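Peer 1: Mind having a look at this structure? Questions to follow.
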Amino acid sequence: MNEKVNLSRAERQRLQLQADILEAAFLEFSERGYHQTAIADIAKRVGVGHGTFYRHFENKRDILQHVISDTLQKIMALLTGENAPQAVNNIEEYREQCQRISARLRQFAQDNPLTLKLLLLEATSIDLEMTKFVQGIMQMAGVLTANYLQHGVELGFFRENLDCENTGHNIVGMIMNGALRFLANPEDTESLKKYGDSIIDLIISGMIHT
């Protein structure tokens, strides 16, 4: 039986209130900026007192880390099944996979521009620990990307001497630059697609085994 079905009414209400606080905090951060948002602003938006807020979260930073972790889980969900590193067998399938992933990341950006703003522009200005947390996410993204490349090397459609580790981090850097370009002009979705396509062309032309 689904675990959620077995939750008590009080537990369901607690989880719903926690979700409401997260949503309110996210909206306040997006509208005011992280540093300009006070706990009182979040509590007022939800319609609860300070004490209720602190029963669910330690502080604003705790909430932001929850938002970032949730975002990471959503992005990782895009990279499963047919989009997993070991899901392709040749260069044609790899290109198709890259196109699918690019399309899903573009859609995620278009659906969640405020989340991207918080992650890329706000989070690293909070404190050293949060900066290291975001850097850790980028490091993990580079390692994951390297896994895709290593799979191509093992199957023989990428060249044997490919530096998968550093190339993976370089690809993540290009993707992050694309995200920043998107935030600067969210309405220009055609340019975002062209940018993604150019990354795919660069990856394949630079790494393919000839």
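Just so you know, all these numbers are worked out from the coordinates, no wet-lab data involved. This structure is a prediction, so every number in the text was calculated from the model and none was measured. Please note: Cβ atoms are built from the backbone with ideal geometry, for glycine as well, and neighbour counts cover all protein chains shown.
Peer 1: Extending each Cα 7 Å along its Cβ direction at LYS44 and LEU78, get the distance between those two points in nm, one decimal.
Peer 2: Label at LYS44, label at LEU78, 3.5 nm between them.
Peer 1: Of GLY51, THR37, ALA19, which is farthest towards the positive pole of the range 11-67's charge dipole, taken about the Cα centre with +1 and -1 on the beta-carbons of Lys, Arg and Asp, Glu respectively?
Peer 2: GLY51
Peer 1: For the range 31-45, take each phi angle, set θ = phi - 60°, evaluate the Karplus expression 6.51 cos²θ - 1.76 cosθ + 1.60, and give the result in whole Hz per residue in order, putting x for glycine and proline.
Peer 2: So the J values, rounded to whole Hz, are 7, 9, x, 4, 5, 8, 8, 9, 4, 4, 5, 5, 4, 5, 5.
Peer 1: From Cα pairs below 8 angstrom and at least 6 apart in sequence, can you work out the relative contact order of the range 71-163, rounded to a whole percent?
Peer 2: Details: 39 pairs, mean separation 27.7, N = 93.
Answer for the range 71-163 is 30 percent.
Peer 1: Right, another one. With +1 on the Cβ of every Lys and Arg and -1 on the Cβ of every Asp and Glu, and nothing else charged, how large is the dipole of the range 61-207 about its Cα centre, in debye rounded to the nearest 20?
Peer 2: Roughly 200 debye, rounded to the nearest 20.
Peer 1: Additional query: Taking the chain on its own, what percent of its Cα-Cα pair distances exceed 23 Å?
Peer 2: Pairs farther apart than 23 Å: 55 percent.
Peer 1: Still on this model: With angles folded into 0 to 90 degrees, how steeply does helix 128-155 sit against the dominant principal axis of the chain? Use alpha carbons for both and round to 10.
Peer 2: 30 degrees
Peer 1: Quick check for me: using +1 on Lys/Arg Cβ and -1 on Asp/Glu Cβ, what's the dipole size of the range 3-57 about its Cα centre, in debye to the nearest 20?
Peer 2: Computed charge dipole of the range 3-57: roughly 200 debye.
Peer 1: Arrange SER30, SER191, SER205 by Cβ neighbour counts within 10 Å, fewest through most, would you?
Peer 2: Numbers: SER30 16, SER191 13, SER205 8.
Ordered from fewest to most neighbouring Cβ atoms within 10 Å, SER30, SER191, SER205 come out as SER205, SER191, SER30.
Peer 1: Test of understanding: ordering LEU202, LEU22 by Cβ neighbours within 10 Å, fewest first, what list do you get?
Peer 2: On the way: LEU202 13, LEU22 19.
Ordered from fewest to most neighbouring Cβ atoms within 10 Å, LEU202, LEU22 come out as LEU202, LEU22.
Peer 1: Further, regarding this structure: Which GluC sites (Glu not before Pro) from the range 39-113 combine a DSSP loop assignment with at most 16 other Cβ atoms within 10 Å?
Peer 2: Listed in order of number, the matching sites are GLU58.
Peer 1: Multiplying the sequence separation of GLU160 and LYS132 by 0.36 nm and subtracting their Cα-Cα distance, what value in nm do you get? Present the calculation step by step, with values, prior to reporting the outcome.
Peer 2: Numbers: separation 28, 0.36 × 28 = 10.08 nm, distance 3.30 nm.
That pair, GLU160 and LYS132, stretches by 6.8 nm at full extension.
Peer 1: Still on this model: Between GLY49, GLY196, GLY142, which gets the highest mean-square fluctuation from a Gaussian network model of the chain, Cα cutoff 10 Å?
Peer 2: GLY49
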